[in-house]
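What follows is a single structure, written as structure tokens, with notes after it.
The values are calculated or read from the model by the stated rules, or taken from the named source; none is laboratory data. In this text the structure is predicted, and so the values were computed from the model without any measurement. Every residue, glycine among them, receives a Cβ derived from its backbone with ideal geometry; neighbour counts consider all protein chains shown.
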Amino acid sequence: MASVSVSGSHGVLRRPMSTTGFWSWFTTVDHKKIGIMYGVSSFLFFILGGVEALLIRSQLAKPGNTLLNADQYNQIFTMHALTMIFLFVMPMSAAFFNYLIPLMIGARDVAFPRLNALSFWVFLLGALFLNSSWFLGGAPDGGWFGYAPNSTTEPGNAMTFYALGLLITGVASTIGAINLAITVINMRAPGMSMFRMPVFVWMGLVVQFLLAFSLPIITVALFQMLFDRRWGTAFFDPTRGGEPLLWQHMFWLFGHPEVYILILPAFGIISEILPVFSRKPLFGYQFIVFSGIAIGFIGFGVWVHHMFATGLGPVANTAFGITTAIIAIPTGIKIFNWMGTMYGGDLRFDTPMLYAVGAVAMFVIGGLSGVTHSIVPSDYQQTDTYYIVAHFHYVLFGGAIFALFGGMYYWWPKVFGKMLNERWGKVQFWIVIVGFNLAFGPMHILGLGGMIRREYTYPASLGLTFWNQVSTVGAFTIAVGVLLFIINAVRTQLKPSTLTTDDPWDARTLEWTTSCPPADYNFETIPTVHSLDDFWHKKYAEDESGRLVRVPAGASGEAHPGHGAHAIHLPSPSFWPLVVSFGFPLLGYGVLYSWWLIGLGAAVIAVGLVGWALEPSVAE
Amino acid sequence: MADVTAPDIVLDEHYTSTGLRSTKLAMWLFLASECLLFGGLITAYILYRGASLTGPYPQDVFDIGYTSVSSFVLLASSLTMVLAHNAALDKDFPRMRLWLTGTAMLGLTFVGGQVFEFTSFYREGLTIKTNLFGTTFYTLTGFHGVHVTVGVLMLLILVVMSWRGSLSDEPAFPVEMVGLYWHFVDIVWIVIFTLVYLIPSPQGPIR
């Protein structure tokens, strides 16, 4: 604890002042450290979710397999989905937003640094709470959608863990969403008008609004499920007049915006990588921004396409079939703009570019199979089959996770000051994309051939064995690719830095004007922004024939001598976010086991918030 | 970068892009998010109006006169909240603490009235698990009651902080923020009171 030194006597706990050393990570309010913690912890959950996926594929590798029984299989596929959605893609996107948004808009931190720390710790403890169910009577096993009344009547604590775990991580996401949205709206550097912001920041803003307006809906639904399970209410109980279908409406009214919460960050990352590696400005910047906003709005009006088979009638099904077809338009606009960006560009296929192009290609396949779901009669055939599983893995793995990997390769030197090995990266990309198509391509055939989702085994007589085996081989191929990424990352971090410039990709946006990694205060002097892709225009001008000419005088982002960092007031570290966050799992275990724990959890949160309120954000 | 002739803009410590304080924007976004929360709860109540298979039904338990009085108490607290904010703007801190305490007391009266109401409904046989009316009624009004309670706690913390002198040098701002939350909770009650109490429910099951 040597690194925690004493300061003024505000509050009960001594104010931690150190910003270096192991313990500083627990009290940090620096958006960059919080971003790294989000990234590392969500990647660990990615590995966990991946192991669950391998168990699923091993079980399905042959007909009549007995590796897992039905109960274990239900838990594993449910937790695979919850882990990949809520504990990997969402927090990994939060990692990118946290780290990059302040750097991209020329700010020194987010709007509320301590709230930022709180949202990370609540997320981490909520994720551990959810996974603690493995050791406390079994993990959730009702699917990630938790359909009532199965989820509300099933004995045991598994689905109670589901409701509570998602409520806690939902608190984290809501706090983070409000924080990041206000950061984008209010913390931009002078001259950084909304339409000079990088598309990644725009997509971040749309995602935060989607979170702020969709999470309360699932919060209500989860409370209703929790009350039904724990206190015998009648929300989803048909024997007392309740409507199980209400759960589906509430869940998908959240669940469909959630899909865009998962994919829009990826769209932002792709929109940053493609122009840099094409050495061209993004084609149709305004179209990409407005189509992202349009997706955000229309995303709230398509939820019934998850429920076509529930018997809502032809009017509802037609209306939502139409809205679903309409939402393909803004998505298609983006695809064409990305192709326009690459067209005629000076293309360099470094690993980030490979992943970005791969993400666009795979997302197009997933998008096209998605349009087939909007045709209601066609959806009747596909619903609850492996065709659906193929579709959403193409958009969420092929789209979102590919782009996240591209983002990791692209911003690794920014975050850690070291380049990931390119040769390993390219090999790893090709292994992953081949494995990916082997794993999920055959699922289209399996689904149309009649293999239904969530069944833990199948008889040999159905003729599904061959494509299931191909799919399992593909899944293990992906695992090899991910393993190579981990080895690459560890090797890179163990070696000394070979980075010779702060701008290794010849990039366009503001985050590359800082050092790699950036100083605590990000920018010595807050930059003034004059245009979109400001950094690029400081580096390059065009001659009369339109060719790029490097602007001679420096401008490659070196630190300016003569400005000391002495006058910069940064928010000080704080214990309180960590203290408050511990109240949430206590509340959760309290609902499961004892009123006393509920009281304790509420007391911890109350004391923590009062201590927080009494503590100034910058220590004297 | 020496060749770029941008005038050095000196940023003061409170510079923001919109000119508004981030805390205020965050409070508005939080309240917008809360609208969806109460929207979900109110939707469940409306959907299940008249869908209870057994009694007691709303007409059996509601005492409109009693709840009208407690509603008036809560709405009056919005006036005292405004008076507290005005006092804070005038930097008249004893008066500010008086009105903040008054607002908290009115809020507490409302919550106390709700506890009494819940108890009497319980005695008449309506629990949260009796029927869909009990389920949706207690959930909706319970969530609102918790919001009022949190507001009372925030008001009391403001009073204590002001009294200890640990409120910042411009207390009008935190008072305004708590006020925004308080008025929101009041407005939600107007909606709930109208939908739940004033519009008569079809008695018994209609399906």
Does residue A:287 count as part of a helix (DSSP H, G or I) and free of Cβ contacts under 8 Å to residues at least 24 places away in the same chain?
no
Quick one: would you say residue B:88 is modelled with pLDDT under 95, among the hydrophobic types (A, V, I, L, M, F, W, C) and under 19 Å from residue B:180 (Cβ atoms)?
yes
Among all residue pairs at least 6 apart or on different chains, which show Cβ distances below 7 Å where the first residue, located in the stretch A:449-466, is touching a residue at least 60 places away in the same chain (Cβ under 8 Å) and the second is of a type in the set (Gly, Ala, Ser) and assigned to a helix (DSSP H, G or I)?
A:456/A:70
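Let's see how each residue does on (1) more than 16 Å from residue A:274 (Cα to Cα); (2) part of a helix (DSSP H, G or I):
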site: A:291; (1), (2): yes, yes
site: A:294; (1), (2): yes, yes
site: A:346; (1), (2): no, no
site: A:399; (1), (2): no, yes
Checked A:332, A:367 against criteria (buried (at least 18 other Cβ atoms within 10 Å of the Cβ) and in a helix (DSSP H, G or I)); the one match is A:367
For the stretch B:160-187 the number of residues that are surrounded by fewer than 20 Cβ atoms within 10 Å (Cβ to Cβ) and β-branched (Val, Ile, Thr) is 2
Of the residues in the stretch A:145-203, those that are within 13 Å of chain B (Cβ to nearest Cβ), under 30 Å from residue A:577 (Cα atoms) and among the small types (Gly, Ala, Ser) number 6
Residue B:77, sole failed condition from (1) within 22 Å of the chain's Cα centre (by Cα); (2) at the interface with chain A (Cβ under 8 Å from one of its Cβ atoms):
(2)
Condition test on residue A:507, is it under 29 Å from the mean Cα position of the chain (by Cα), surrounded by fewer than 16 Cβ atoms within 10 Å (Cβ to Cβ) and either part of a loop (DSSP other than H, G, I, E, B) or within 14 Å of chain B (Cβ to nearest Cβ) (or both)?
no
Being out of contact with any Asp or Glu (no Cβ under 7 Å at 6 or more places or on another chain) and closer than 20 Å to residue A:489 by Cα is the requirement here; does residue A:366 meet it?
no
Condition first: facing chain A (nearest Cβ under 9 Å), at pLDDT below 95 and within 22 Å of residue A:182 (Cβ to Cβ). Can you find one or more residues in the stretch B:22-32 that meet it?
yes
